[in-house]
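Report on the structure given below.
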Amino acid sequence: MQDFLQTEEILVNMGPQHPSTHGVLRLVIRTDGEMVRETYTHIGYLHRCAEKIGENLTYKQFVPYTDRLDYLASINNNLGFCLAVENLAQIEVPERAAYLRVMGAEMNRIASHLVSYGTLGMEAGAFTPFFYGFREREQLVAIIEKMCGARLTYHYARLGGVMRDITPEIARDTREFVRTMEQRWEEYNTLLSFNEIFIKRTANVGIIPRDMAIGYGLTGPCLRGSGVEWDLRKDDPYSLYERFAFTVPYGDGRMGTVGDSWDRYWVRMVEIKESLKIITQVLDGLPEGPIMGKVPRVLKLPVGEAYMRVENPRGELGFYLVSDGGTKPYRLRIRGPSFCNLSIMNALGRECLVADVVMILGSIDVVLGEVDR
Amino acid sequence: MRAVANYFRDIVAAIYTITLGLGVTMKCLFSKPVTLQYPDERPEVPDGYRGIHTYEIEKCIACNLCVQICPITCITLAYEGKGKNAVIHQYDIDYTKCLFCHLCCEVCPTDCVHMGKEFDLASYTRAECVIPFAKAAAVQKQE
């Protein structure tokens, strides 16, 4: 039959301008009809030499650049870089500033997961969740806009503290958002999480076993989706995270197998709820005091090196700094979670359907700004 | 036989869960829309928004700090004299480069450069994206 039909495999380019690739990512797929035999990832379309730029700028000047790594989680990125510099320079951060940083980071985590929720739904063919996710995101972005004046590239965490203090109005708005979001969360689940078609599309698709997840260096919801309990906020706390009570969700194969796309999706959804808890605790226990520590006008770091990692919405973001005693870093290396998470794509995108490749990519949830840097 | 039963069970489950989802959307159908008809309706911009700068030329002492701190060197400053007697000939900000990071405003010792509420940056040419603040101030003074 095969000789008679003369079938052959076809190489298909998905991207770099494909709506399902979350940015400028190119996937080359070797297809046999509807079946995908192999997937190759091509990256680098958004490369901006962020690390090299960092080596030519002072520490203060590089903070706004970190906004542009994972542009959906700017405050988390700012926080990682600031903590690395503060560690090396021995700058003390006031308690209030640390609390505000946690609040900003968690708000940003929710905003990021809401985008992930909306886009994953859209990739499954459901357009409604996208609008619903962005409706709540808009409310959240409006609050952050009041906090720091920007809507995407926040530049909120600064060396030594935060940019601005929060006003009673912001605190009130945030509490109101937490209340609204808790209600909406249930609606989201009715709309998408427990929709039978969505479950069929994601459960048992793109299964990452525990060992494979660890082997590929996955972090964040991708790792926790495979049942590994690893969250830096718990396991290596920074910025006073140890003071807040929250649970770390992980995949348990509720709808299929442990480590499938649905598990990764569900970990993000539960994280939204946990972040709301942290935000409430921050607002309840916000100490009085300054929001900025003592930072010299011309910041010279002592000779040495520092590595700081933070839990971003997408995983572990690391900044490795080497200082030669000058005002600029001698070497700056960024460990991006999206880059490491994307490395598993070649292994997952084989012997599956074309539509599954889209779901797998959506469930890994990469941001190309950080993959290419 | 079981496969057939599963097939129909899946269809029923899909229809049921979609109906539940439609219930959520129906609720929203009768509520107030959250979208803005953008060019006609403008969003409310909060205080402290980081938009296009405002520059107070009479306060400026030409200390050059904003030019130095700018991560992307998008500010061009030309002046004669020093301190309060400085005459500013040029204070241009190139908005094709600007990161809107607010560092220039924070470093200013006389508080002469601020970020305003204007966010509409679209223009037909690149040259229009460079705003000559000093010239604009001179024109305003003449008027």
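The values are calculated or read from the model by the stated rules, or taken from the named source; none is laboratory data. Please read all numbers here as calculations on a predicted model, not as lab measurements. Neighbour counts run over all protein chains shown; Cβ positions are idealised from the backbone, glycine included. Protein only, heavy atoms only, side chains kept; ligands, DNA and RNA dropped before computing areas. Shrake-Rupley method; radii C 1.70, N 1.55, O 1.52, S 1.80 Å.
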Förster-model FRET efficiency, 41 Å R0, A:Thr247 and B:Thr54, C-beta, rounded to 0.05: 0.30
Base-10 log of normalised Debye intensity for the range B:72-123 (one unit scatterer per alpha-carbon) at q = 0.32 Å⁻¹: -1.37
Exercise: per-residue mean of other protein chain Cβ atoms within 10 Å, A:187-196: 5
Output ordering of A:156-162, A:264-270, A:354-360 (per-residue mean of other Cβ within 10 Å, highest first) is A:156-162, A:264-270, A:354-360
Test of understanding: in a Gaussian network model of chain A with alpha carbons linked when under 10 Å, which of A:Tyr117, A:Tyr250, A:Tyr71 would top the mean-square fluctuation ranking? A:Tyr71
Not counting ligands, DNA or RNA, and with a 1.4 Å probe, what is A:Asp235's accessible surface area in Å² rounded to the nearest 10? 80
Of the candidates B:Ala127, B:Ala78, B:Ala14, which one comes out as most mobile in a Gaussian network treatment of chain B with C-alpha springs shorter than 10 Å? B:Ala14
If the viscosity is 0.692 mPa s and the temperature 37 °C, what translational diffusion coefficient in µm²/s does Stokes-Einstein give for the range B:1-102 when Rh comes from Kirkwood over Cα pairs? 164
A:Lys300 accessible area, nearest 10 Å², 1.4 Å probe? 130
Report the rotationally averaged projected area of the range B:53-142 based on its alpha-carbon convex hull, in square nanometres. 5.9
Give me the Å³ per residue figure for the convex hull around the C-alpha atoms of the protein assembly as shown. 187
Ignoring ligands and nucleic acids, B:Asp111 exposes an accessible area, probe 1.4 Å, in Å² to the nearest 10, of 80
For the range A:1-123, rounded, prolate or oblate, judged on the Cα gyration tensor with a ≥ b ≥ c (square roots of eigenvalues), a/c < 1.5 rounded, else prolate if a/b > b/c? prolate
Taking Cα centroids, how far is the range A:202-241 from the range A:273-324 in Å? 22
Going 7 Å from the Cα of A:Tyr330 toward and past its Cβ, which residues in the range A:80-105 have a backbone nitrogen under 20 Å from where you end up? A:84-91
Averaged over B:94-106, how many beta carbons belonging to a partner chain fall within 10 Å of each residue's beta carbon? 3
Given R₀ = 56 Å, what would the calculated FRET efficiency be for A:Ile10 paired with A:Arg179, taking r from the Cβ atoms and rounding to 0.05? 0.60
For the modelled label position 7 Å from the Cα of B:Ala14 along Cα-to-Cβ, which residues of the range A:261-277 have backbone nitrogen atoms closer than 19 Å? A:262
Listed peptides A:83-95, A:216-228, A:174-186 by packing density, highest first (mean Cβ within 10 Å): A:216-228, A:83-95, A:174-186
Hey, what's the per residue convex hull volume over the C-alpha atoms of the range A:140-179, in cubic angstrom? 63
Over its alpha-carbon atoms, the range A:290-373 yields an Rg and a Dmax in Å of 18.6, 57
Just how large is the dipole of the range B:55-122 about the Cα centre, in debye to the nearest 20, putting +1 at every Lys and Arg Cβ and -1 at every Asp and Glu Cβ? 200
Roughly how many nanometres apart are two label points built 7 Å out from the Cα toward the Cβ at A:Asp32 and B:Lys97? 5.5
Once the Cβ-Cβ distance between A:Asp235 and B:Glu80 is put in as r, and R0 is 60 Å, what FRET efficiency do you end up with, to the nearest 0.05? 0.50
Considering the options B:Pro46, B:Met115, B:Pro33, tell which one lies farthest towards the positive end of the dipole of chain B, charges being +1 on Lys and Arg and -1 on Asp and Glu at the Cβ, about the Cα centre. B:Pro33
Tell me which lysines have Cα within less than 25 Å of B:Lys32's Cα, excluding those fewer than 8 residues away on the same chain? A:Lys146
Exercise: per-residue mean of other protein chain Cβ atoms within 10 Å, B:17-24: 6
Using +1 on the beta carbon of Lys and Arg, -1 on that of Asp and Glu, and nothing else charged, what's the dipole of chain A about the Cα centre, debye to 20? 1220
The distance between the Cα centres of the range B:13-52 and the range A:105-181, in whole Å, is 15
Once label points are set 7 Å from the Cα along Cα→Cβ at both B:Cys129 and B:Ile72, what is their separation, rounded to one decimal in nm? 0.8
